[in-house]
1. So for each of 259-272, 141-154 I average, over its residues, the number of other beta carbons within 10 Å; can you give me the resulting order with the highest mean first?
2. Using the alpha-carbon centroid of each, what span in Å lies between segment 57-72 and segment 76-150?
3. As an exercise, use a Förster radius of 51 Å and the Cβ-Cβ distance of residue 4 and residue 241 to find the FRET efficiency, rounded to the nearest 0.05.
4. Translational D (Stokes-Einstein, µm²/s) of segment 63-143 at 37 °C and 0.692 mPa s when Rh comes from the Kirkwood sum over C-alpha pairs?
5. Go through 75-87, 172-184 and give me the packing order, highest mean Cβ count within 10 Å leading.
6. Taking neighbour counts of Cβ atoms within 10 Å as a proxy for exposure, in what order, fewest first, do 219, 138 appear?
7. Given the Cα-Cα distance of residue 90 and residue 211 and 0.36 nm per residue of separation, how much length would full extension add, in nm?
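Please treat every number below as a calculation from the coordinates, not as lab data. Treat the numbers as computed from the prediction; the structure is a model and nothing was measured. Neighbour counts run over all protein chains shown; Cβ positions are idealised from the backbone, glycine included.
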């Protein structure tokens, strides 16, 4: 791979993403909602006597699980498919640029754009909390930010895979929305339904939870916030009692796998496909 080609492609993808109307809308919505959660956390301090990064982190979990995966999936889904539909992908590959360089450049550029959007929302939220509620629980908050970034990269990788497999950007975006809905509804509701219908053991439920990156992010964040997974019920207790502190390695490894495997599949399919 040529590092110069990857750098040029990354810059192009970053510029294009920052000019995309929907990307800017998602970024602004996330920043506004993150700031709103911070203000609500501070407002609750007057009534309940607590505020800080721990409470804000707990409040942001569901917000992140809804907006961040959708934003990353749609950003990745429209990338390769959009280039193919416009004919620019074939033109690009006719130059001295390989397919892995194209895919890597897109991943790096879009990752930078998404992480920048997250940094804006988390930065504003963190500034409000630190100025008005102190710095207690800042490590927990930063841990959640890192986990959210890993979740973003995982969903971007899945989005790129969807994009490589699609011929039109509209179809890719539609599939990305379906994937987002499937992951969102296959969380707690899906686990509860599976447990009742199939009478699954706790280890089976925990394995199913690990198969969903949104659930992995949620469990990891709650582990840092509450120092246990008791908030997740019997599955959480099982995870803590079985794996102890090693649970962090499981969460990190699972999110890393969700980044690497879809990207590798996307590269393989792009390498095998014919670009019109």
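1. Working: 259-272: 16.5, 141-154: 21.5.
With the highest mean Cβ count within 10 Å placed first, the list reads 141-154, 259-272.
2. Computed from Cα coordinates, the inter-centre distance equals 14 Å.
3. Values: r = 51 Å, r/R0 = 1.01.
So the FRET efficiency works out to roughly 0.50.
4. On the way: Rh = 15.3 Å.
Reported coefficient: 214 µm²/s.
5. On the way: 75-87: 23.2, 172-184: 18.2.
Result, highest mean first: 75-87, 172-184.
6. Numbers: 219 24, 138 16.
Ordered by Cβ neighbours within 10 Å, fewest first: 138, 219.
7. Working: separation 121, 0.36 × 121 = 43.56 nm, distance 3.51 nm.
So the chain would gain 40.1 nm between residue 90 and residue 211.
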